[in-house]
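The values are calculated or read from the model by the stated rules, or taken from the named source; none is laboratory data. Source: prediction; values computed, not measured. FYI the Cβ positions are ideal-geometry reconstructions off the backbone, even for glycines, and counts take in every protein chain you see. The protein model used for the area step is the full one, side chains on, heavy atoms only, and it has no ligands, DNA or RNA in it. Shrake-Rupley method; radii C 1.70, N 1.55, O 1.52, S 1.80 Å.
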Amino acid sequence: MPLALLALAVGAFGIGTTEFVMMGLLPEVADDLHIGIPTAGHLVSAYALGVVIGAPLLAAVTARMPRRTVLIGLMALFIVGNAASAFAPDYHWLLAARFLSGLPHGAFFGVGAVVATSMVAPERKARSVSLMFLGLTVANVAGVPVATLMGQQLGWRATFLGVSAIGLAAILALALLVPHGRVAAGSGGGVRGELAALRSLPVWLALGTTVAGFGALFAAYSYVTPMLTDSAGFAGGSVTLLLALFGVGATVGNLVGGRLADHAMRGTLFGGLVSLVVVLGLFPVLMGAQWSAGVAVVLLGVAAFVTGSPLQLMVMEKASSAPSLASSANQAAFNLANAGGAWFGGLALAAGFGVTSPAVAGAVLAVLGLGVAGVAAGVDRRAAVPGGGRERVVASHLPEQLESARI
């Protein structure tokens, strides 16, 4: 695999760290800025809003720029946002800085996925995407715990300065390892053409599968701490280690999913969603003992992230004339899944169905994701040209313009 994938993974590591570390630093931030925890929680939402707005917008307006230049520019914006967070004088400035930090998130992964797939053979495209996403999953294993500890010991502002340093390392790696070149202009022509490429039912079905599938994950994961303490009986201090186990499972699922998707993209997607339904459906039972609860957390990470690479590649395939925009839109869909899944899981809790009920709600969303994926498969079959084996060929070969357009 090309060394340029390492540069993309470093950037993904920094982005993953800054996205999730705020959740662990809410008490420190709230105390320092003299605000309540619920108010501090809006800092998480501000980042997610930045992702949703920035992902399609930045991908569209930079569509005709050299990919390496775009990636470096996005990481520069990432550094500005995190440095502004570190020096924010009050809550409102920090809220704006977190929004700014989220803007480059989706576009970086979207453009990065196009770059990753353009540098490898057709049969390794999904694997290349999974290696880029490896930085995101490893961030949950190492980056977030270390950054949280840094914030607790040195102050939360030090954490964002440290994340800014990761951004500088990513820019250096991108400049040294990503080959220079220019992608051929898209056939749509400018921003309007990029947006027009999304006027496709298969694209929206693929994005809908992302929202439902990862919404299933976040319906359970958002409330996994009370499940582990109130149902499985873990002490509060053990939760950090258990969440790191989730990161290990996510890393394994991401790598396995990338390898399997290169052989059968749609089969990997369906297999991951079915596994997610089973794992979430068994959560009320698995949370009854500590050993099985630990296994459940790992399996949740594996099942959810098996679907990451095939979903990313499928969205790029369906919007063939605007793969960067579609890939970035998939990251926006992921963040909508984060918010929507947490809300849906919260409904089950508020209804009094028990501490493990969000997992069952997540299983319902995963079934919905299976249904959307099934509809998408049916649409593809009706649109397929005569002859067998088309799905495997299309799944492995993104549009010819991606093959010929070097980074």
Verdict on Ala405 being more than 22 Å from Asn140 (Cα to Cα), open to solvent by 20 Å² or more (accessible area, probe 1.4 Å), modelled with pLDDT under 75 and not hydroxyl-bearing (Ser, Thr, Tyr): no
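Checking the condition surrounded by fewer than 24 Cβ atoms within 10 Å (Cβ to Cβ), part of a helix (DSSP H, G or I), at pLDDT below 90 and more than 21 Å from the chain's Cα centre (by Cα), which residue from Val239, Val295 passes?
Val239
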Which numbered condition Gly288 fails, given (1) outside any helix (DSSP H, G or I); (2) without any contact (Cβ under 8 Å) to a residue 24 or more places away in the chain: (2)
Residue within segment 52-65 that is more than 16 Å from the chain's Cα centre (by Cα), closer than 25 Å to Leu154 by Cα and either crowded, with 20+ Cβ neighbours inside 10 Å or at pLDDT 95 or above (or both) present: no
Scope segment 298-324; condition buried (at least 23 other Cβ atoms within 10 Å of the Cβ) and of a type in the set (Ser, Thr, Tyr); matching residues: Thr307, Ser309, Ser324
Residue within segment 342-357 that is closer than 24 Å to Arg127 by Cβ, hydroxyl-bearing (Ser, Thr, Tyr) and assigned to a helix (DSSP H, G or I) present: no
Residue in segment 69-80 that is at pLDDT 95 or above, among the hydrophobic types (A, V, I, L, M, F, W, C) and over 20 Å from Gly135 (Cα atoms) present: yes
Every residue from segment 242-264 that is surrounded by 24 or more Cβ atoms within 10 Å (Cβ to Cβ), closer than 13 Å to Thr307 by Cβ and not polar (S, T, N, Q): Ala250, Gly253, Gly257, Gly258, Ala261
Selection within segment 119-135 - in contact (Cβ under 8 Å) with a residue 24 or more places away in the chain and surrounded by fewer than 24 Cβ atoms within 10 Å (Cβ to Cβ): Met119, Val120, Pro122, Glu123, Arg124, Arg127, Leu131, Leu134
Residues being open to solvent by less than 10 Å² (accessible area, probe 1.4 Å), in a helix (DSSP H, G or I) and not polar (S, T, N, Q) - total across segment 75-113: 18
Scan of segment 143-166 for residues that are surrounded by fewer than 22 Cβ atoms within 10 Å (Cβ to Cβ), hydrophobic (A, V, I, L, M, F, W, C) and in contact (Cβ under 8 Å) with a residue 60 or more places away in the chain, ordered by number: Ala158, Leu161
In segment 10-51, the residues that are of a type in the set (A, V, I, L, M, F, W, C), farther than 24 Å from Val239 by Cβ and surrounded by 23 or more Cβ atoms within 10 Å (Cβ to Cβ): Ala12, Val51
Contacts under 8 angstrom Cβ, first residue in segment 206-217 being closer than 22 Å to Gly378 by Cα, partner open to solvent by less than 10 Å² (accessible area, probe 1.4 Å) and of a type in the set (Val, Ile, Thr), 6 or more apart: Ala206/Val315; Leu207/Val315; Thr210/Val315; Gly213/Thr307; Phe214/Thr307
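Let's see how each residue does on (1) open to solvent by 20 Å² or more (accessible area, probe 1.4 Å); (2) hydrophobic (A, V, I, L, M, F, W, C); (3) under 19 Å from Leu276 (Cα atoms); (4) in contact with a Ser or Thr (Cβ under 7 Å, 6 or more places away or on another chain):
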| residue | (1), (2), (3), (4) |
| --- | --- |
| Phe334 | yes, yes, yes, yes |
| Ala342 | yes, yes, yes, yes |
| Leu349 | yes, yes, no, yes |
| Thr356 | yes, no, yes, yes |
| Ala363 | no, yes, yes, no |
| Gly371 | yes, no, yes, no |
| Arg382 | yes, no, no, no |
